[in-house]
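Have a look at the structure below before the remarks.
The values are calculated or read from the model by the stated rules, or taken from the named source; none is laboratory data. Quick caveat: nothing in here was measured; it's all calculated off a predicted structure. Glycine gets a Cβ as well: all are built from the backbone with ideal geometry, and neighbour counts include every protein chain shown.
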C-alpha cells in the first residue's frame, strides 16, 4: 500500500543521508597522512567502528594504529578531532585510540612461545665491551614507556648481564609443570628471560649445548602478547647467532659500536651476517663517543666509526651516546637510566632511538616486495623508487663499480681500490634480494655480495630511457 511505499522511500532517503555523512567524515579524516607510510589514515585502514548520530550531530570512531608505541598517536588524535569538528553538522567528536593485536607475519610457522610477538628486535655488536646490553635494556624500557608491551631476552649464556642490570622481585625463572613452559620474571612491566635467572648452571658448555639452551629459553617462555621482544645478542657471529636468527624471525637489528677501528671491523662482520640472514639493520648506536669538560667536547677514542658504518652499509639512522658515569652506574644499580632519570639527555637519545625502531619496524612489516629487479631482456637493473611512480634503469657494471664496501674503497682514506677495467662491461648479477626497507644485496658471478642502499642507486648514472616492462625478469 501507499504507506509502505512512503516508509520505504523515507528509509532509502535516510540511508542515503547516512552514507553521505559517512563519506564526509572519511573524506575529512583522509587529510591526515601517516608519516611512516606516506598514506592517509583511511587508506591505511586505521579508522574503525564509525558511528554517526545525525540527530545529535555526534561522531564516534576508533583509530587502530599498528603499535601502542606509535610516536605520532597524540598528533593523530588531535588532528582527527579537529578535521571532523569543522564539518558544519558536527557538534561533538569522540575519538578512541587503540592498537592492532600482536600478529607476527609467520605466526602459524613459529614456536608457540613466539606466536604472539609482533616484532623481534636484535641489539647486536660482534665486539664485546661496547655497551650492547646497556643499549638493549634502556631501549626496551623506552619502548615500554611509549606504551608498548615489551620483553627482553638475554641471549648471552656465558656472561648474562640482565640479572645485574635490572632488579626484579623474583630472580628465578619458574616452570609451568602442566604446560612445561618457562614463566618469565618481570620488572616494571617488562618480561625478562635470562640464563642468569635459571639458577646455578654449568660454568663450561660446548657450542651445541649452548644453542640448545638458547632455543629452549627463547621458544618455551610464556611471552604472551608482546609488541616488541628485544634480544640482547651475544658478541660474535657463530652458532649461537645463527640459532637465534633461525629460530626467531628477527624483524630488525640495532647495531652498537664504539669509535675504535677494531669495533668498526667487528661491526662490519655483524652487518654482513644480518645481511646474509635477511635481517635489516635499522640503526647504529655509537656508544662512548665523547665527553664534555671545561666547555669543550673531547673524543678520547677518535670519531667517525658510526658514520662510516652508516655510509658504507646504508643504515638509515645514527645515534651517539656520550661517556656518562650515570649510564654505567644505572646498569650496576639494577634501574635503567631511562627509568631513573627520564628527563636526561641520554634518555632523550633513547627516546629518539625508540621512535626510530617503532617506525622502521612498522615499515618493514608493511613491506611486500623488492623495488629492485634485474631485467635479463634489457640486461639492466630496474629500480622502482618506494612511495613514488619513478622508475629507472642502471647498467650492472656501473652499479658494481660504485660499490662502497671495504673491498672496493679504503674505509679510512676513501681511495678507490676497484678500477674501471676490473669490472667486465657485460657483467650480470646472479641474485638481487631486499635488505629490509633501505637497501638490496646483489650477488655477482665472482661470489661477491654487494650491499647497495636505495639512496646510492638513485644517485648512480642512469640509462636514458625506461622502456615498458620486458617479458623476462628475475
Which condition does residue 38 not pass, out of (1) on the phi < 0 side of the Ramachandran plot; (2) touching a residue at least 40 places away in the same chain (Cβ under 8 Å); (3) under 26 Å from the mean Cα position of the chain (by Cα), if it passes all the others?
-> (1)
State whether the residues of region 51-60 include one that is crowded, with 18+ Cβ neighbours inside 10 Å, in contact with a strand residue (DSSP E or B) (Cβ under 8 Å, 6 or more places away or on another chain) and more than 20 Å from residue 147 (Cα to Cα).
-> yes
For residues that are in contact (Cβ under 8 Å) with a residue 24 or more places away in the chain and assigned to a helix (DSSP H, G or I), scanning just region 41-85, find the one that is nearest to residue 99 (Cα to Cα).
-> 73
Of the conditions (1) surrounded by fewer than 18 Cβ atoms within 10 Å (Cβ to Cβ); (2) more than 23 Å from the chain's Cα centre (by Cα); (3) not assigned by TED's automatic domain parsing to the domain that holds residue 125, residue 382 fails just one. Which one is it?
-> (1)
Quick count over region 73-98, residues being out of contact with any helix residue (DSSP H, G or I) (no Cβ under 8 Å at 6 or more places or on another chain) and crowded, with 17+ Cβ neighbours inside 10 Å, is 3
Is it true that residue 391 is within 26 Å of residue 252 (Cβ to Cβ) and either out of contact with any helix residue (DSSP H, G or I) (no Cβ under 8 Å at 6 or more places or on another chain) or modelled with pLDDT of 85 or more (or both)?
-> no
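Got at least one residue in region 435-445 being outside the structural domain of residue 307 (by TED's automatic domain parsing), over 20 Å from residue 268 (Cα atoms) and modelled with pLDDT of 75 or more? Break it down into steps so the answer makes sense when it comes.
Applying the first criterion (outside the structural domain of residue 307 (by TED's automatic domain parsing)) to region 435-445 yields 435-445.
Keeping just the survivors that are over 20 Å from residue 268 (Cα atoms) gives 445.
Narrowing the set further to residues that are modelled with pLDDT of 75 or more leaves 445.
Yes, region 435-445 has at least one match.
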Among the strands (runs of 3 or more DSSP E) confined wholly to region 240-296, which include 1 or more residues that are buried (at least 23 other Cβ atoms within 10 Å of the Cβ)?
-> 252-257, 281-286
